[in-house]
Amino acid sequence: MQTAHRFDHIRESVIREMTRLAIQHDAINLSQGFPDFSPPEPVMQAAIDAIRGGLNQYTITWGYPPLRQKLAELYTGRLGWQVEPDEHIVVTCGVTEALAAAMLAVLNPGDEIIILDPAHETFRPGAKLADARTVSVVLQSPDFRIQRKALEAAISPHSKALILNTPHNPSGRVFDDEEIAAVIDVVTQHDLILITDEIYDRILYDGREHVSPGGLAPLRERTITIGGMGKTYAVTGWRLGYAIAPTPLARAVKPAHDFLTICAATPLQAAALAALNLPDSFYEQMSEDYHQRRALMSEILSDLGFVFTQPQGAYYILADYRGLPIPQAQWDADRFARWMTTEVGVAVVPGPNFYANPADGEGLIRFAYPKKLETLREAARRMARLKG
Ligand SMILES: Cc1ncc(COP(=O)(O)O)c(C=O)c1O
C-alpha cells in the first residue's frame, strides 16, 4: 500500500510521546505544556450551561457570533484597526488548526516559510500540509535573540512568510522592540506575510506587556494574528484558537478552516466568551501564581546545577543539563530525557525536538511548569538524585 510522502520526514510528536511515557511510568509530566489545575469555575459552569441550554449543533463556520463579537472588541483595541466579527475573525480548533489554516491559506507548493528555532513542533508539519518548504533561523542559546542578519540570510526568491511566536515556547523569550523592528524590516522589505502565534499573550513576567506585532503599522496589512484559549484559561483539551487578519488574508483562511473542521466545539465557544469576560482580578491572580511557579521551578533547577535563562513569558524552562554531577549528564538529550521520565520519574522534552537540525538543541531539555506548587515540589524530591 503506497501512502503519501508528505510526512515521510516529519517525526512523531516527541512531546506527546513523552506524555504517553510519563503515564506508563507514573512520572510527573513536566513535558507537555498543560496545567494540572482546573479552569476558572465560571468558565466550566458556562460550558455546562451551554450544553444544557441547547448549544450543541454546529456554529457558523467562523465561530459562535457572540464570541466573535467579543474578540472583535478586544482586537480592535489591540491591533488598532476596526476588526469586524464577520469579516476578520475565524475561531478554530486550537492554535494548531489556526496555524495550519493560515499556512494553507498563504503558501503555495515550493514557497518558503521562515521558522525561528527553537520552535514549537507544530510549525513544520503545518507547512508540510501546504507542501511548502521551511527555512530555519536558529536563535542562539542562551539569549535566544532575533538577529537581523540571520533573518536576512534566510531570504530567497521563494520566501513567502515568517512565523513569529511571542512570548516564545520553549525559550521563554518575549521579543523586544529592537528584535521586532528587525522582523518588521525583513517582512516588509521582502514582501512577506507574517503569521504570529501569541498563545502565551497573557503569561508574562516582571511587568512586561504583550504587544501584538499585527498592531504595528507596517505589519497591519500583512499579518495573521493567532491566539488561543488553552493556556490562559487552563483548557488545553477544549481545542480553541482563533485567527484574526485583514480581509484579503481572512478570506483565504476561512475556506481552509471550513473544510478542515467546519467549526470549533459550540458549547466550548460559548464558555470561551465567559472566559474573555472574566474580571481583571483573574489575570492579576494568574500572574501572581505564574510568578510563584517560575520562582519555584527556577530555584529547583538552579539548585540542581541546570543552566538556563529565566523566562520572560510563557511557562517553560529550556535548561542545559551538561554540568550536572552525574554520569548521565554526558548522554545525548533524547536519552537523558527518556531516563528522566522512566527512571527519575519526571518527564521532560529533549531540546533537539525543537530544532530542524537536532544537533542545535543538544544538551538541552525543556521543563513545563504550569503545575500546582505541590506537583513541582514532588518533582524536586524525585530529582534530588541528580545531585549525584
Ligand atoms: C507556541 C505554541 N503554539 C501552539 C500550541 C498548540 O496550541 P493549541 O493547543 O491551542 O493547538 C502550543 C502548545 O503548547 C504552543 O506552545
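The values are calculated or read from the model by the stated rules, or taken from the named source; none is laboratory data. Keep in mind the model is a prediction, meaning the values are calculated, not measured. Please note: Cβ atoms are built from the backbone with ideal geometry, for glycine as well, and neighbour counts cover all protein chains shown.
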Counting only residues that are modelled with pLDDT of 90 or more and assigned to a loop (DSSP other than H, G, I, E, B), region 3-31 contains a total of 5
Hits in region 13-46 - residues which are within 15 Å of the ligand (Cβ to nearest atom) and aromatic (Phe, Trp, Tyr)
34
Flag if residue 118 is within 13 Å of the ligand (Cβ to nearest atom), surrounded by fewer than 23 Cβ atoms within 10 Å (Cβ to Cβ), within 21 Å of residue 34 (Cβ to Cβ) and not basic (Lys, Arg):
no
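So that you can scan it fast, the table gives a plain yes or no per residue for (1) buried (at least 20 other Cβ atoms within 10 Å of the Cβ); (2) of a type in the set (Gly, Ala, Ser); (3) touching a helix residue (DSSP H, G or I) at 6+ places or on another chain (Cβ under 7 Å); (4) closer than 23 Å to residue 237 by Cα:
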{"site": "286", "(1), (2), (3), (4)": "no, no, no, yes"}
{"site": "297", "(1), (2), (3), (4)": "yes, no, yes, no"}
{"site": "322", "(1), (2), (3), (4)": "no, no, yes, no"}
{"site": "388", "(1), (2), (3), (4)": "no, yes, no, no"}
Within region 45-82, track down each residue that is of a type in the set (A, V, I, L, M) and under 23 Å from the mean Cα position of the chain (by Cα).
67, 71, 72, 74, 79
Scanning region 143-164 for residues that are in contact with a helix residue (DSSP H, G or I) (Cβ under 8 Å, 6 or more places away or on another chain) and within 17 Å of residue 223 (Cβ to Cβ) gives 146, 151, 160, 161, 162, 163, 164
Of a type in the set (D, E, K, R), surrounded by 23 or more Cβ atoms within 10 Å (Cβ to Cβ) and either within 16 Å of the ligand (Cβ to nearest atom) or at pLDDT 95 or above (or both), is that true of residue 97?
yes
With the condition kept exactly as written, say whether any residue in region 167-182 is hydrophobic (A, V, I, L, M, F, W, C), over 19 Å from the mean Cα position of the chain (by Cα) and closer than 30 Å to residue 308 by Cα.
yes
If you go through 311, 325, 370, 352, the only one that is outside the structural domain of residue 118 (by TED's automatic domain parsing) and without any contact (Cβ under 8 Å) to a residue 40 or more places away in the chain is 352
Does residue 167 fit the bill of being under 22 Å from residue 219 (Cα atoms) and touching a Gly at 6+ places or on another chain (Cβ under 6 Å)?
yes
Give the residue that is surrounded by the most Cβ atoms within 10 Å (Cβ to Cβ), with candidates limited to residues of region 43-81 that are more than 24 Å from residue 220 (Cα to Cα) and of a type in the set (D, E, K, R).
49
Can you pull out every residue in region 325-371 that is in contact with a Lys or Arg (Cβ under 6 Å, 6 or more places away or on another chain) and aromatic (Phe, Trp, Tyr)?
369
Selection within region 357-385 - surrounded by fewer than 18 Cβ atoms within 10 Å (Cβ to Cβ), of a type outside the set (Asp, Glu) and within 24 Å of residue 124 (Cα to Cα):
357, 358, 359
Examine region 291-301 for a residue that is closer than 21 Å to residue 118 by Cα, touching an Asp or Glu at 6+ places or on another chain (Cβ under 8 Å), in contact (Cβ under 8 Å) with a residue 24 or more places away in the chain and not assigned by TED's automatic domain parsing to the domain that holds residue 171, and state whether such a residue exists.
no
Where in region 52-153 are there helices (runs of 4 or more DSSP H), lying wholly inside it, with at least 3 residues that are more than 19 Å from residue 199 (Cβ to Cβ)?
65-79, 148-153
